[in-house]
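Asker: Sharing a structure here in structure tokens format.
Since every read-out is calculated from the coordinates, none of them should be taken as a lab result. As the structure is a computational prediction, the values presented were derived from the model and not from experiment. Please note: Cβ atoms are built from the backbone with ideal geometry, for glycine as well, and neighbour counts cover all protein chains shown.
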Amino acid sequence: MATISGASVKNIVVACEAGMGSSVMVAKMLAKQLKAQGVAVTHSPVNQLNDTAHDLVLCHRGLGSRAKQAVPGSVVIVFDMFLGDLRIAEVVSRIQSGDDISDD
Amino acid sequence: MANFIPTGDGGHSGWRASVQKFGGNLAGMVIPNIGAFIAWGLLTALFIPTGWLPNEQLSSMVGPMIINLLPILIGYTGGRLVHGQRGAVIGSIATVGVIVGTSIPMFLGAMLIGPLAAWVLKKIDAVLDPVTPTGFEMLIGNFSLGISGMLMAILGFLGIGPAVNAISDVLGAGVKVLVDTGFLPLASILIEPAKILFLNNAINFGVLAPIGAVEAEETGKSIMFMLESNPGPGLGLLVAFWLAGPKILRGSAPGAIVIHFLGGIHEIYFPYVLLKPIVVLAAIAGGATGVATFAATGVGLVATPSPGSIFAYMTMTPPGNHFGVLLGIALSAAVSFVVAFFILKATSSGDDAADLDAAKAKSAEMKSGTAN
């Protein structure tokens with residue numbers, strides 16, 4: 001389990017299988033929501049996560065164990081839905097408010 | 001918070017992560033090069049003798065692209081994944097050996113030898129780097145790559161090419177038996193559940209596309225490109241979730257339908273099925289219906305449609321095949337909708353946990369404006 005303060009999140013990487021499909025979509029939506037906070041949101045294939053600079057990793061639950069394997073030291077938040085997900089919304093609000101974010 | 005998702009948790013199933021990872025590597029070699037596949041597919045659809053605008057001169061690009069360019073790109077990308085730019089270069093060199101050793105499109109061979117050659121070079125570099133005298137880095141670097149590249153190309157020519165050729169023959173013959181005997185729709189029993197587990201790219205780009213490419217090179221089209229990528233079953237499922245799913249999921253379904261069917265991002269519907277795993281039966285029924293229709297009408301696509309959007313499907317459909325392709329997509333969507341609708345109606349009680357969590361999600365979404 002890893003924790004990071006929402007205020008210090010400046011780089012988010014959204015991961016998916018190929019790093020070109022669903023992750024791009026989610027990254028675009030997040031970037032829009034976090035524009036005011038100056039957070040950069042990028043996307044990556046889950047196998048290449050350790051080549052990315054990130055404070056926080058987001059990926060679907062189905063890829064969660066591989067993401068954690070790739071970057072064991074990072075905060076990896078898994079979500080269930082690509083649209084309107086509770087965890088993603090929570091991450092966004094915690095970054096906006098500066099609260100701690102942890103993957104449990 | 002998500003205990004109601006019985007099969008979506010990647011945390012406890014190491015085998016699935018391993019298979020996904022392996023498949024992810026296969027897909028990782030193909031997906032970055034899809035643009036080249038599309039260029040080749042368009043050239044094929046337009047200019048071959050049975051295409052829209054037959055043109056002998058322009059169609060002369062079709063063969064070199066699928067025989068040489070696409071496998072080399074795959075070998076290049078596979079090498080780059082293992083060992084950066086040097087891996088990419090040796091992966092390309094070695095792939096040429098595999099290509100020349102056979103007469104069929106060597107996607108599988110390139111997927112093998114690209115990373116293998118890069119791995120070998122990585123080991124060689126690990127030995128040579130520490131003992132390279134200052135000023136000799138470029139000399140040793142270039143010649144270690146050149147010599148090992150030559151050797152890997154020879155290995156590809158003599159060993160891997162013929163071996164993969166034999167494997168492709170067996171796979172192709174097996175598929176032909178499945179098609180001829182009418183058993184091909186049964187493939188959906190494996191493919192649809194595997195998709196939901198995020199093995200979609202592994203199946204499509206690792207298994208089906210290489211087999212399909214061999215067939216498409218010979219006959220101009222292949223049904224193998226359509227087994228996994230048909231957007232029909234997902235469309236039917238999402239419409240069923242929209243009309244009869246757990247109440248709170250209904251709101252996001254229309255957006256998901258657009259992203260899935262028009263945008264071609266199939267991943268968007270997997271979570272809905274993971275919430276109600278039994279609905280995978282609808283995906284199987286829809287998928288099998290689609291495959292049966294495609295087979296019965298004798299249609300195929302010229303190249304793999306990626307992403308699996310209706311637009312990519314129409315673009316990759318050769319002349320005269322549009323009716324069968326559209327019919328297969330429509331029927332698969334209709335069947336998957338009917339089955340999913342029935343299942344969702346029959347099991348609509350006992351959703352409380354899902355509804356509650358989804359309700360929370362909805363309200364959080366309202367707060368943060370995710371709905372944009």
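Asker: Does A:Lys32 qualify as being free of Cβ contacts under 8 Å to residues at least 60 places away in the same chain, in contact with a strand residue (DSSP E or B) (Cβ under 8 Å, 6 or more places away or on another chain), charged (D, E, K, R) and not in a loop (DSSP other than H, G, I, E, B)?
Answerer: Here the answer is no, as A:Lys32 does not meet what is asked.
Asker: In segment A:1-22, which residues are buried (at least 20 other Cβ atoms within 10 Å of the Cβ), more than 9 Å from every other protein chain (Cβ to nearest Cβ) and within 11 Å of the chain's Cα centre (by Cα)?
Answerer: A:Val9, A:Ile12, A:Val13, A:Val14, A:Ala15
Asker: Hey, another quick one. Show the residue pairs that are 6+ apart or on different chains and have beta-carbon atoms under 6 Å apart, the first residue being within segment A:70-82 and within 12 Å of chain B (Cβ to nearest Cβ), the second being small (Gly, Ala, Ser).
Answerer: These pairs meet every condition: A:Val76/A:Ala67; A:Val78/A:Gly64; A:Asp80/B:Ala2; A:Phe82/A:Ser22.
Asker: Mind listing whichever residues of segment A:38-69 are small (Gly, Ala, Ser), under 13 Å from the mean Cα position of the chain (by Cα) and within 12 Å of chain B (Cβ to nearest Cβ)?
Answerer: Once the filter is applied, which keeps residues that are small (Gly, Ala, Ser), under 13 Å from the mean Cα position of the chain (by Cα) and within 12 Å of chain B (Cβ to nearest Cβ), segment A:38-69 yields A:Ser44, A:Gly64, A:Ala67.
Asker: Could you list, in sequence order, the residues of segment A:50-62 that are crowded, with 23+ Cβ neighbours inside 10 Å and farther than 18 Å from A:Leu86 by Cβ?
Answerer: Across segment A:50-62, the qualifying residue is only A:His54.
Asker: Mind checking which residues of segment B:256-302 are away from every other protein chain (no Cβ under 14 Å), surrounded by 23 or more Cβ atoms within 10 Å (Cβ to Cβ) and more than 22 Å from B:Leu327 (Cα to Cα)?
Answerer: If the condition is that a residue be away from every other protein chain (no Cβ under 14 Å), surrounded by 23 or more Cβ atoms within 10 Å (Cβ to Cβ) and more than 22 Å from B:Leu327 (Cα to Cα), then B:Val279 is the only one that fits.
Asker: Let me ask another. Yes or no: segment A:78-87 includes at least one residue that is part of a helix (DSSP H, G or I) and not hydroxyl-bearing (Ser, Thr, Tyr).
Answerer: For segment A:78-87, residues part of a helix (DSSP H, G or I) and not hydroxyl-bearing (Ser, Thr, Tyr): present.
Asker: Let me ask something else. Report the residue count in segment A:15-46 for those that are of a type in the set (S, T, N, Q) and farther than 20 Å from A:Glu90 by Cβ.
Answerer: Residues that pass the stated criteria total 2.
Asker: Is it the case that segment B:58-69 has a residue that's more than 14 Å from chain A (Cβ to nearest Cβ), buried (at least 20 other Cβ atoms within 10 Å of the Cβ), more than 30 Å from A:His43 (Cα to Cα) and not acidic (Asp, Glu)?
Answerer: yes
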